[in-house]
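Comments concern the structure below.
What follows is calculated from the coordinates using simple rules that are stated; it is not laboratory data. Values in this document were obtained by computation on a predicted structure and should not be read as measured data. A quick note on method: Cβ atoms are made from the backbone with ideal geometry, for glycine too, and the neighbour counts reach across all protein chains shown.
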Amino acid sequence: MDTITHGIAGALIGKAVFRGDDMFTRRPMNPKRIITWSLMFGAIFPDSDVIRGWFDHNDMLIMTWHRSITHSLVCLPIWALVLALLTRAIARWRKWEAPSLAALAGIYAVGIASHIFLDLVTDFGTMIWSPLKWSRPAWDLIFIIDFTLSAILLIPQILAWVYAKREGLQQRALSCWIISAAVTIAVTAISRIVGAPISARYVFVTIVILAAIFLLPSLRNIGLGLKYSTWNLAGLVLTIFYIGAAYFAHNAAFARLQKFVEAQHMEARSLAVFPLPPSIAHWDGLVVGPRGVYETRINFGDLSGDADTARTIVSMADLSSSGNSQTAPASSPSPQLPPIEYSYYPDAPSNSFIEAAKDLPQVKTFFWFARVPVTRFHKEGADSVVEFYDARFPHRDRGPSPFTYQVRFDANGAVLSQGWKE
């Protein structure tokens, strides 16, 4: 999960569970504000491990260091105590009234734990048992940047501020809706740039929902009747429901992938589904075969997306030519149902360059990290180029796939260069 969302989640927990106060207010610093600030800092603290990358230019730190000891359940009590001691020291220096050391340690522990949990639900992997064990558990439920989840965490906190008092209520509600609509449009533009476009229908529905959320409670001042803590508690409950829904959506996506494999009579060594933006309605189904990886996108907006006898199954490589589509062995497809498309990424046949690349320490680290590795090989003049990438991460419309590691050899088999392909 991105660091900003972690911080938003920490602040929400502070307000919903520990009765924390607004972080930004004209009131003097008090224990309730310190609670919220501490939850927020605790929730973003684990990502401080990226600071090492500013000084240590090691290409593999993203795999070997990020999400390790600062994200560890084993080390969590140590970090919570250190942060609590630091907060108490700052409070004494500034002459602020602060919660006790034990209370602050507990608060920081909750903030750090929230970060670890929200990273676990993504597909990147988190070394929660380091330094005792360097495995990377991942639950594959939420995409690493999920704007829907971020909105669920943030909007209730904004609503608590909007409906805190009667004066200026209409202006605050309307302004927040306009800003949120503009942010939605900006996110849509950014998503197209990075190769993960969001549909216009999704944007329209989102803006309408935001209008209802911000403006409807202002009718007859209904929102004023809700307590500050109630808005935040509602956000926490919705977050739990959203992650629970992601769990069931993941299982449903996996069931669809199994039907796809059965319809194609594939020899599958392993199956996996990974979340895609912009929401839990979109999934990436991967099938590891004997000589490569099959990929099919699963969209629950297509309510009849099962690979059954009424659906055509079409290879993306065959879409440009007629008569080459692969279909499930049954009756002709219904014209109302679009074909289920899939892509195939073959592994390059083994050769001396590929084997030499696999012996490199950095490539061994890559294979320790990668869950769906694919190997490619091509020639560039006299040079031989070997590329490894993890199909778990979505392919871009432009540029190389994320986490593509490239090794270049000369004609004699000597390594000319190696590193992440940009």
Tell me the trypsin sites (Lys or Arg not before Pro) within region 116-195 that lie in a loop according to DSSP and have at most 13 other beta-carbon atoms within 10 Å.
-> Lys133, Lys165, Arg166
Whole-number percent relative contact order across the chain, with pairs defined as alpha carbons under 8 Å at least 6 apart = 12
Pick out, in residue order, every one of the trypsin sites (Lys or Arg not before Pro) in region 26-73 that is DSSP loop and has at most 11 other C-beta atoms within 10 Å; say none if there are none.
-> Arg26
If you count, for each residue, the other Cβ atoms within 10 Å and average over each peptide, how do 360-367, 2-9 line up from highest to lowest?
-> 2-9, 360-367
Compute the separation of the alpha-carbon centres of region 189-253 and region 31-71 and state it in Å as a whole number.
-> 27
Highest GNM mean-square fluctuation, the chain, Cα pairs closer than 10 Å: which of Leu73, Leu174, Leu159?
-> Leu174
In whole Hz, what ³J(HN,Hα) sequence does region 270-275 give by Karplus (6.51, -1.76, 1.60; θ = phi - 60°), x for Gly and Pro?
-> 7, 10, 7, 10, 10, x
On a C-alpha basis, how far is the centre of region 364-422 from the centre of region 86-131 in Å? Whole number, if you could?
-> 38
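Can you put His265, His395 in order, fewest other beta carbons within 10 Å first?
Details: His265 8, His395 15.
The fewest-first ordering by Cβ neighbours comes to His265, His395.
Hey, can you rank 405-416, 382-393 by average C-beta count inside 10 Å, highest first? Please list the in-between numbers first.
Working: 405-416: 14.6, 382-393: 19.8.
Most protected by this proxy first, the peptides run 382-393, 405-416.
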Quick shape check on the chain: root eigenvalues a ≥ b ≥ c of the Cα gyration tensor, a/c under 1.5 is rounded, otherwise prolate if a/b tops b/c, else oblate, and it reads oblate
Relative contact order of region 1-139, defined on C-alpha pairs under 8 angstrom at six or more residues apart (%) = 28
Which order do peptides 180-186, 253-259, 149-155 fall in by mean Cβ count within 10 Å, highest first?
-> 149-155, 253-259, 180-186
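Do any chymotrypsin sites (Phe, Trp or Tyr not before Pro) in region 116-202 lie in a loop, going by DSSP, with at most 11 other beta-carbon atoms within 10 Å of their beta carbon, and if so which?
On the way: sites: Phe117, Phe124, Trp129, Trp134, Trp139, Phe143, Phe147, Trp161, Tyr163, Trp177, Tyr202; in loops: Phe124, Trp129, Trp134, Trp139, Phe143, Tyr163.
Passing sites in region 116-202 are Trp134.
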What ranking do Asp123, Asp146 get, fewest neighbouring Cβ atoms within 10 angstrom at the top?
-> Asp123, Asp146
Taking neighbour counts of Cβ atoms within 10 Å as a proxy for exposure, in what order, fewest first, do Asp47, Asp359, Asp59 appear?
-> Asp359, Asp59, Asp47
Looking at the chain, do any whole DSSP H helices span at least 18 angstrom along their long axis by alpha carbon and average -1.0 or above on Kyte-Doolittle, and which?
-> 3-17, 31-44, 76-94, 101-120, 147-162, 169-193, 200-215, 228-264
